[in-house]
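Worksheet for the structure shown next.
The values are calculated or read from the model by the stated rules, or taken from the named source; none is laboratory data. Worth saying up front: this structure is predicted, and the values here are computed from it rather than measured. Cβ coordinates were reconstructed from backbone atoms using ideal geometry, including for glycine residues, and neighbour counts include every protein chain displayed. SASA here: full protein model, heavy atoms, side chains in, ligands and nucleic acids out. Shrake-Rupley method; radii C 1.70, N 1.55, O 1.52, S 1.80 Å.
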Amino acid sequence: KLLELNIPTYIYYSASYIYHPKVYLFEGPTKNRVIVGSSNFTFNGLFNNTEASVLIDFSGQDKAGLKFLNQLKDYFAPLLEYEDPN
């Protein structure tokens, strides 16, 4: 569904191990949301499986939230900029 809505979406794939945690990042003009956890955006992942996730909301004025957002982007930059082989 994310791809159908033209939302930039990245999948990390490794043939040698499973990377199961998910990081969902939604940026908006007044509100930002980060979800980190194991749940997929599927019916079972959201409603039936036993999963764990943390949701963090913060505004564009929240300095601690923006610092966290920048740290998250820096950490995942090799993936988001296609520099990582996976």
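Here are a few things to note about the model shown:
- Within the chain, helix-based [θ] at 222 nm, where runs of 4 or more DSSP H residues each add -39,500 (n - 2.57), nearest 500: -7000 deg cm²/dmol
- Accessible area of the chain divided out per residue, in Å², using a probe of 1.4 angstrom: 79
- Extension gain (nm, one decimal) between Leu5 and Leu80, 0.36 nm per residue minus Cα-Cα: 25.2 nm
- Highest-MSF residue in the chain out of Ile56, Ile18, Ile35 [GNM, Cα springs under 10 Å]: Ile18
- Of all lysines in the structure, those lying under 17 Å Cα to Cα from Lys22, and not within fewer than 8 positions of it along the same chain, are Lys1, Lys73.
- Sparsely packed loop sites in the range 1-81 (the trypsin sites (Lys or Arg not before Pro) outside DSSP H, G, I, E and B with at most 15 other Cβ atoms within 10 Å) comprise Lys1.
- Taking chymotrypsin sites (Phe, Trp or Tyr not before Pro) across the range 27-84, the ones in a DSSP loop with at most 16 further Cβ atoms lying within 10 angstrom of their Cβ are Phe41, Tyr82.
- Cα gyration tensor shape for the chain, rounded if a/c is under 1.5, else prolate or oblate: oblate
- Accessible carbon and sulfur surface of the range 18-57 relative to its total accessible area, %, 1.4 Å: 60
- Choice from Asn32, Asn40, Asn48 with maximal GNM fluctuation in the chain (Cα, 10 Å cutoff): Asn48
- Placing +1 on each Lys and Arg Cβ and -1 on each Asp and Glu Cβ, with no other charges, gives the chain a dipole about its Cα centre of roughly 240 debye.
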